[in-house]
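Read-outs: derived from the displayed coordinates by stated rules, not from any lab. Quantities reported herein were computed from a predicted structural model and do not represent experimental measurements. We place every Cβ from the backbone using ideal geometry, glycine too, and count neighbours over all the protein chains shown.
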Amino acid sequence: MSELIVGTILKPQGIRGELKVKPFTDTAEVFSGFDRVFLDGVPYKILSVRTGDGFVYLGLRGVPDRNAAELLRGKSLTLPREEAPEPAEGSYYIADLIGCAIVTEEGEKLGVLADVTPAATDVYTLKRATGEEILFPAAKGVVLSVDPEKRTVVVSKRRYLEVAVL
């Protein structure tokens, strides 16, 4: 069973065990559709969900107070892949992109996608065969196409060379 990380617990919120979560989903509202989440492989039933300012505030069964919530600070919330909603058209799960070959429109292999840093414009980390890492934004015009099934990300070589950071 593969898992997707859907958020990270930032801190307790209040005294009743509520958790402030940074979501790794397109919108925080997606959490309203989840029945449970996993922490370290252990399922926790979601009792309450509210959102605000791009964050999710969760109440979980088994987390009755601030002290219990404090112990979860920094932990990742995961979902089994089969319970995750399908991404919107043109969107992809980061887990599906890691390991994809990054190639130019001419077919030249530049390296492998090693990491994605979520931001207003995601930042891709390309790892070359030499071990060197290069960062570049996944902006329109730089990334031409993404095909998780073929395990490729096609980039414009000219635009990639303009924006890549060694």
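Report the semi-axes of the equivalent ellipsoid for the chain in whole Å, largest first, where each axis is √(5λ) for an eigenvalue λ of the Cα gyration tensor. Don't skip to the answer; put the middle values down first.
Values: eigenvalues 254, 46, 39 Å².
Values for the chain, descending: 36, 15, 14 Å.
I need the P(r) histogram for segment 94-163: all alpha carbon pairs, bin width 10 Å from 0 out to the longest distance, whole percents.
Calculated over all Cα pairs of segment 94-163, the distribution is 23, 63, 15 percent.
Putting +1 on Lys and Arg Cβ atoms and -1 on Asp and Glu Cβ atoms, find which of LEU39, PRO12, THR104 reaches farthest to the positive end of the dipole of the chain.
So the residue we want is PRO12.
For the ranges 18-28, 45-55, what's the packing order if you count other beta-carbon atoms within 10 Å of each residue, average per peptide, and put the highest first?
Ranked by mean Cβ neighbours within 10 Å, highest first: 18-28, 45-55.
Once you've got the GNM for the chain with C-alpha springs shorter than 10 Å, pick whichever of VAL142, VAL42, VAL30 has the biggest mean-square fluctuation.
Looking only at VAL142, VAL42, VAL30, the largest GNM fluctuation is found for VAL42.
If the cut-off is 12 Å between C-alpha atoms, which aspartates and glutamates fall inside it for LYS20, apart from same-chain ones fewer than 8 positions away?
Within the straight-line cut-off, LYS20 pairs with ASP53, GLU70.
Can you tell me the length gained on complete extension of the stretch ASP96 to LEU47, counting 0.36 nm per residue apart and subtracting the Cα distance?
Numbers: separation 49, 0.36 × 49 = 17.64 nm, distance 2.95 nm.
That works out to 14.7 nm of additional length.
Alpha carbon centre of segment 132-159 versus segment 1-79: separation in Å?
32
Could you work out the helix-only [θ] at 222 nm for the chain, with each DSSP H run of four or more residues adding -39,500 (n - 2.57) and the total divided by the number of residues, to the nearest 500 deg cm²/dmol?
One gets -2000 deg cm²/dmol as the mean residue ellipticity at 222 nm.
Along segment 156-166, what does the Karplus equation 6.51 cos²θ - 1.76 cosθ + 1.60 (θ = phi - 60°) give for ³J(HN,Hα), rounded to whole Hz, x for Gly and Pro?
7, 4, 4, 5, 4, 5, 6, 10, 5, 10, 7
Under unit Cβ charges (Lys, Arg +1; Asp, Glu -1), what dipole magnitude, rounded to 20 debye, does segment 3-83 have relative to its Cα centre?
320
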